[in-house]
Amino acid sequence: MKITIKTIKELKTKLNINNDVDIFSVRGCELTEKKNYCKWNTEFEIIEKEIDHLHMNCLIVLIVDDKMIAFKGSTVPNKKYIEKSLNNNGNGTNQLELGFYKYYAKGNHRPSKQTAHRALRQTRQQPVRRTSDDLDFDFQDRIDIGMFHDNIHASWSKFDGTTCASAGCQVISGYPKCLKRKENSGHWKTFENEIYSIDKKTFNYMVVSFKWINRIVNNKMNELVIFGSSGYNVKQIQKYLKTQIDGVYGVQTYKAILNYQKVNGLLLDGIIGSQTKGKMQ
């Protein structure tokens, strides 16, 4: 399946995202050809991959102007961290919910550690899901909202590694330059070089599912309102819920939506699709 800049623009429209997207990830996919990673292009061929919390089966893409460069990575936590957190009610490990997140800032990941390295740091509260019953994340697992230091950084593993260093962070395959290592390597080396060559301090990040991309490509995508959406449709929802009417789907609106979905026996995903919107008619 082919994705282009046009694909992403159309998806943004369907998701009511009215800000620029600098980085986006597709959860549960990879490029069909390894040779096309770490190369600037206008389109990519992708294929769906299972999320197994071992392999880095996500695509992380940087956009500059009308070109994209893709990296292999993961937007879900690794199994070894999930197993540890099961004994602590799921605390310590999380999975970022699908959505649009502003202002990932240039800085250091784990700045007080020997493994500290240049990364993009989370700067705003975000919704994450925690599992305390098994090794996957589903709609029965609880949602927490806060500052969890879930940054975009190096995975500390090779391209096909199964032990990537993510307990909730967004990671890109490769190893970082730090006190323990002399140089960057793998896809991370290219990503860091590209990010730090751009004259910007912060970057907007969007996490989407392979299913959404597939629906856009096949012209079957319905309009959704997600965390980070903005504009008229968000204002209408805020009016209905009697929350602050600013047209921005942030933390307070998200909490109101989760409560509305719970009260009405709907799927607790914070997404306003046909079912949730239908209840509001």
Worksheet item: Separation between the residue 149 and residue 114 pseudo-spin-labels, each 7 Å from Cα along Cα→Cβ, expressed in nm?
Response: 1.8
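Can you tell me the length gained on complete extension of the stretch residue 66 to residue 185, counting 0.36 nm per residue apart and subtracting the Cα distance? Could you put the intermediate results ahead of the total?
Values: separation 119, 0.36 × 119 = 42.84 nm, distance 2.64 nm.
Contour length minus the Cα-Cα distance gives 40.2 nm.
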Worksheet item: Which of 198, 213, 69 moves the most in a Gaussian network model of the chain with Cα springs under 10 Å?
Response: 198
Practice prompt. Considering only 38, 164, 178, give the residue with the highest GNM mean-square fluctuation for the chain, with springs between Cα atoms whenever their separation is below 10 Å.
Written response: 178
Worksheet item: How large is the helix-only mean residue ellipticity at 222 nm for the chain, computed as the sum of -39500 (n - 2.57) over DSSP H runs with n ≥ 4, divided by its residue count, in deg cm²/dmol to the nearest 500?
Response: -6500 deg cm²/dmol
Response to the item:
Reduced to Cα centres, the span from region 1-41 to region 232-246 in Å works out to 29
Worksheet item: Which of 9/49; 211/277; 6/79; 14/84; 2/102; 220/242 have a Cα-Cα distance over 29 Å?
Response: 6/79; 14/84; 220/242
Worksheet entry | Neighbourhood charge, 12 Å Cβ-Cβ cut-off, centred on residue 4 and excluding it, Lys, Arg +1 and Asp, Glu -1 | 0
Fill in: Inter-site label distance for residue 202 and residue 163 at 7 Å from Cα along Cβ, in nm
3.7
Discussion item. Along the Cα→Cβ direction, 7 angstrom out, place labels at residue 245 and residue 136. What is the inter-label distance in nm?
Written reply: 4.2
Practice prompt. Quick one: among 155, 229, 112, which has the greatest mean-square fluctuation in a GNM of the chain with alpha-carbon springs under 10 angstrom?
Written response: 112
Practice prompt. Give me the net charge of residue 111's neighbourhood, meaning all other residues with Cβ under 12 Å from the Cβ of residue 111; Lys, Arg count +1, Asp, Glu -1.
Written response: +4
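For a quick check: sort 225, 251, 171 by the number of other beta carbons within 10 angstrom, fewest at the front. Don't skip to the answer; put the middle values down first.
Values: 225 24, 251 15, 171 30.
Ordered from fewest to most neighbouring Cβ atoms within 10 Å, 225, 251, 171 come out as 251, 225, 171.
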Item to complete: Report, by chain and number, residues whose modeled amide H sits under 5 Å from the one on residue 18, excluding near sequence neighbours (fewer than 5 apart, same chain).
Response: 230
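All of the numbers you see were taken from the coordinates with simple rules; none came from a lab. Because the structure is a prediction, the values reported are computed rather than measured. Positions of Cβ are generated from backbone atoms using ideal geometry, with glycine treated the same way; all protein chains shown enter the neighbour counts.
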